Amino acid sequence: MSFIKTTEQDSNHNHLDKMSVSELLKNINKEDKTVPNAVEKVLPQIEALVFQIVEKLKKGGRLFYLGAGTSGRLGIVDASECPPTFGVSHDVVIGIIAGGDSAIRKAVEFAEDSTTQGWKDLQDYNINQNDVVIGIAASGTTPYVISALKVCNENQIITGCISCNKNSPLSNVSRYPIDVIVGPEFVTGSSRMKAGTAQKLVLNMITTSTMIQLGHVKGNKMVDMQLSNHKLVDRGAKMIMKEINVSEKEALKLLNKYKSVRNAVNKYQDGRQ
């Protein structure tokens with residue numbers, strides 16, 4: 001199958017340097033509006049991958065994101081948001097970036113070109129057949145990610161990917177590829193834009209749907225969220241007030257005692273039985 005790197009094709013807009021700020025913003029927004037439609041086209045592929053993740057996590061497995069540059073940072077952001085949002089341990093969803101943690105803030109030259117380091121980085125976490133590894137690369141050509149997924153396949157570890165080019169080398173080595181074709185970027189080759197937005201949307205879908213399937217949401221509420229600031233404490237108290245029909249004072253008392261919305265509601269209801 002042919003491989004065309006659409007993320008590197010010439011922008012649909014020319015003479016950006018001659019545009020006014022208003023024109024720039026309107027045209028960027030015009031391009032951004034196409035991203036959700038591109039994501040919609042791959043919902044079946046996302047569903048297939050989520051099913052595998054849920055099954056593995058139910059058995060005690062973990063979800064790994066592996067990427068470089070913008071893609072790696074997006075994976076780390078999504079992974080880091082799972083503990084406070086859903087109350088899971090930090091070792092359930094793990095983001096790994098080429099070049100290590102220092103690459104989160106500052107690019108590490110040529111880190112993405114290694115064909116051995118990706119697998120070594122996964123081995124630091126004792127990667128095994130209970131886990132799922134998702135490679136994230138807008139181009140679908142990042143050696144650090146591709147090589148790691150190849151070894152994962154050899155070790156019977158489920159692999160998926162999020163790429164923005166059809167039939168990319170990364171997609172071809174992934175058991176569950178997700179190719180979100182967003183087309184040329186507003187600034188030619190700047191895949192932190194539409195491609196990055198698409199990747200973030202897919203990552204949101206993957207972890208949110210997975211955590212709901214694992215029971216970390218009740219109704220539409222984050223009942224397992226970590227109470228890490230006053231805003232979340234206030235939100236948790238309101239959830240309890242609505243769920244068991246108590247005053248704000250009583251809700252806060254229960255929340256302080258049991259340290260989570262779920263525990264507070266369950267303990268209160270158990271006490272009434």
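Every number here is computed from the coordinates shown, using simple stated rules; none is lab data. Quick caveat: nothing in here was measured; it's all calculated off a predicted structure. Here the Cβ is made from the backbone with ideal geometry for all residues, glycine too, and neighbour counts use every protein chain on show.
What the table below lists for this structure:
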| read-out | value |
| --- | --- |
| Links that overshoot a 20 Å alpha carbon limit, given the list Lys5/Lys194; Lys58/Lys257; Lys30/Lys166; Lys166/Lys200 | Lys58/Lys257; Lys30/Lys166 |
| Packing-based order for 87-94, 12-19, 119-126, 236-243, using average beta carbon neighbours within 10 Å, highest first | 236-243, 87-94, 119-126, 12-19 |
| Compactness of segment 12-103, expressed as Rg and Dmax over alpha-carbon positions, Å | 18.1, 56 |
| Full-stretch length increase - Gln9, Lys120 - with 0.36 nm per residue and alpha-carbon distance subtracted | 36.6 nm |
| Using θ = phi - 60° and Karplus 6.51 cos²θ - 1.76 cosθ + 1.60, couplings along segment 169-186 (whole Hz; Gly, Pro as x) | x, 5, 4, 6, 9, 9, 6, 10, x, 10, 10, 9, 8, 9, x, x, 7, 4 |
| Loop sites in segment 57-121: GluC sites (Glu not before Pro), DSSP, at most 16 other Cβ within 10 Å | Glu109 |
| Glu250-Asn29 pseudo-label distance in nm [points 7 Å out on the Cα-to-Cβ vector] | 4.8 |
| Value in Å of the Kirkwood radius, where segment 230-272 supplies the Cα pairs that are averaged | 9.8 |
| Three semi-axes of the equivalent ellipsoid, the chain, Cα gyration tensor, whole Å, largest first | 37, 24, 16 |
| Table column - 3J(HN,Hα) (Hz), segment 89-98, Karplus curve with 6.51, -1.76, 1.60, x for Gly and Pro | 5, 5, 9, 8, 10, 10, x, 10, 10, 4 |
| 0 to 90° range, to nearest 10: angle between helix 43-58 axis and the chain longest Cα axis | 50 |
